[in-house]
1. Is it the case, given these coordinates, that residue B:356 is over 23 Å from residue B:93 (Cβ atoms) and more than 25 Å from the chain's Cα centre (by Cα)?
2. Restricting region A:77-106 to residues that are of a type in the set (S, T, N, Q) and buried (at least 16 other Cβ atoms within 10 Å of the Cβ), which is nearest to the other protein chains (Cβ to nearest Cβ)?
3. When residue B:309 is evaluated against the numbered criteria (1) out of contact with any Gly (no Cβ under 6 Å at 6 or more places or on another chain); (2) under 24 Å from residue B:179 (Cα atoms); (3) within 10 Å of chain A (Cβ to nearest Cβ); (4) β-branched (Val, Ile, Thr), which criterion, by number, is the only one it fails?
4. Do we have any residue at all in region B:72-81 that's surrounded by fewer than 19 Cβ atoms within 10 Å (Cβ to Cβ), modelled with pLDDT of 95 or more and more than 14 Å from every other protein chain (Cβ to nearest Cβ)?
5. Can you say whether residue B:212 is of a type outside the set (Phe, Trp, Tyr) and either modelled with pLDDT of 95 or more or part of a loop (DSSP other than H, G, I, E, B) (or both), as far as the supplied structure shows?
6. Of all residues in region B:238-264, count the ones that are part of a strand (DSSP E or B), away from chain A (no Cβ under 14 Å) and polar (S, T, N, Q).
7. Among A:112, A:97, which is of a type outside the set (Ser, Thr, Tyr) and either touching a Pro at 6+ places or on another chain (Cβ under 7 Å) or modelled with pLDDT of 95 or more (or both)?
8. Counting only residues that are part of a helix (DSSP H, G or I) and crowded, with 23+ Cβ neighbours inside 10 Å, how many does region B:298-329 have?
Amino acid sequence: MTSLNTFGAVLSYAIQLEADLASYYQKAGNAERAKEADKRKSKLERVRRENVLEITLEPIEGLSEADYALDFEDTSSAGQQKIEGVAAQFYADAAPKINVLQAQRALERYGKEHTALSDA
Amino acid sequence: MERILKNYIGGEWVESAASDTIAVTNPATCEVLAHSPDSSAEDVNSAVLAAQEGFEEWRSTPVMSRAQYMHHFKVLLEDRFEDLAKIIVEENGKAIDEARGEVRRGIESVDFAIGVPFMMRSDGLEDVSSGIDETTLRQPAGVFAAITPFNFPMMVPLWFLPTAIVCGNTFILKPSPQTPISSELIFELLEELDLPPGVVNLIQGGIPSSQAVMEHPGVTGVSFVGSSPVARIVYETCTRHGKRVQAQGGAKNYIAVMPDADMNASVKNIMGAAFGCAGQRCLAAAVAVGVGDAYDMMKDELVKYAQNVQVGYGLDEKTQMGTVISDSAKERIESMIQQGEAQGAKVLLDGRNLTVEGYENGAFVGPTILGDVEAEMVVATDEIFGPVLSLMKADTFEEAVELINKSKYGNAASIFTSNGKQAREFKYKVKAGNIGVNIGVAAPSASFPFGGQKESFYGDLHGQGSDSIEFYTERKIVIERWT
């Protein structure tokens, strides 16, 4: 596992996370959550595209993929809650590390959405 | 069979008349991506004739319609954003985030061009004399060309082309033969706009086509971005041939770090400024001058951060710094580090002889920091255009300003401080076209003019912003009396 040490690495990880969640919820038969994950993925792609400027590219420290291991095999209700909790933790950790305000807001927003889902 | 790129002239992709080609190589993998034709004066002449033919129809196309093309162009650029970034990485070697940033900056220039209908408006005055009104008209000026560099193969062409054509001119782009594929993709997208033939033209090649662009009587004006010696040649050649010209040259950008600066934030910012795009940008930080205690404070922190920079292939998201443009650039950079060392600079962090696993033949130079640099050393005076940061000491703010102003270049300079008075003095006294205050890369956004001073710029009107409207238009004064 490697560290998420750039703006692109963090955003790309988040985009892949939402893509994986969309597939996961399809498999779990929850079309609504799959659609929400897919929507977040599209929005994150736009955030990456619109907010990456060379003057803001400073190294990011203290984020590692290893801290956000996800079990996509467990589609039970408990498994879904656990996955949402890990996703929420990722967004909570990542948001303050990003020095671009719009991107930071998006990560905070998605962190809250995942927290709400993990509590549901 | 490796493909040979084509020129785009008069709305068609055409083969060059020249038989010589230039290999386009991925500087990390050493794969030959394509061959650029070394286009000839004959090719340039065809492009100029097409641009001249297209001009009359295009200039009479309503300005709002001309701007509409750029709305569509922006959509296409957004749709192909990741493809554009990937091509930049492949032919230039920079990290994917930097390539994305470059595409974003390019799109900002398209956004700016969409506003040309507003910016091209002129003024007038009634009754300058009895019953006489006087009005300024701003009109397109003809065929413009740009000769653009390898370091921002997507962004720099877009500094010029969108504004030039929305102003009603026709345009010829001659990109660097080291990075021509980005321009090919730009033109594939432009082709989708169904612009009238001749409005935009692409000539691939090196010196012969550049020379022909500068000398052709049908070209009204030329924009250039590159090194200072070449900028001077471009300026002199173009003016000798009666053209307007904006020639942006090289740089040796100094950063003054005051003892009262937020050292942690400053060092992080200086890191990006010095080593971003492997130091191959005209706004890269090349010399950091530590004032008083700041020297020792920043030195250790810079080395600590720089030695952890992840150097690798730009398409890997974790890569923080990619290659330099070529093996010969790597040799030149390493040779200049050697010269600095021989003149007495202390190598605090050595990026020479770096190999990256899986890309053993790639043109990698790691972050390099030289300490105890003196004003007369080559690493303090000459542009290295690589990931090399020279550290110098100054006892006072005034001494730091004097060191900066001694440079023959004047593209950018920055200060890191928490003292507003010193920041003001810095803005006031330093001779550079772009000033950063607690910003390492003082890069103007698309709505501001961009250009340096001293040997960093030859011409008067800078690129981008309101200067670009002046550059791409003629003003005509109309004095009327109706009795």
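1. Values: over 23 Å from residue B:93 (Cβ atoms): no; more than 25 Å from the chain's Cα centre (by Cα): yes.
Judged against the criteria, residue B:356 is not a match.
2. Initially, region A:77-106 is screened for residues of a type in the set (S, T, N, Q), giving A:77, A:80-81, A:89, A:99, A:102, A:104.
Now restrict to residues that are buried (at least 16 other Cβ atoms within 10 Å of the Cβ): A:80, A:89, A:104.
Numbers: A:80: 28, A:89: 21, A:104: 16 Å.
Looking at residues that are of a type in the set (S, T, N, Q) and buried (at least 16 other Cβ atoms within 10 Å of the Cβ), I get A:104.
3. The number of the failed condition is (2).
4. Checked against the condition, which is being surrounded by fewer than 19 Cβ atoms within 10 Å (Cβ to Cβ), modelled with pLDDT of 95 or more and more than 14 Å from every other protein chain (Cβ to nearest Cβ), region B:72-81 yields at least one hit.
5. yes
6. 2
7. Exactly one of A:112, A:97 is of a type outside the set (Ser, Thr, Tyr) and either touching a Pro at 6+ places or on another chain (Cβ under 7 Å) or modelled with pLDDT of 95 or more (or both), namely A:112.
8. 3
The values are calculated or read from the model by the stated rules, or taken from the named source; none is laboratory data. A quick note: this is a predicted structure, and the numbers were derived from the prediction, not measured. Neighbour counts run over all protein chains shown; Cβ positions are idealised from the backbone, glycine included.
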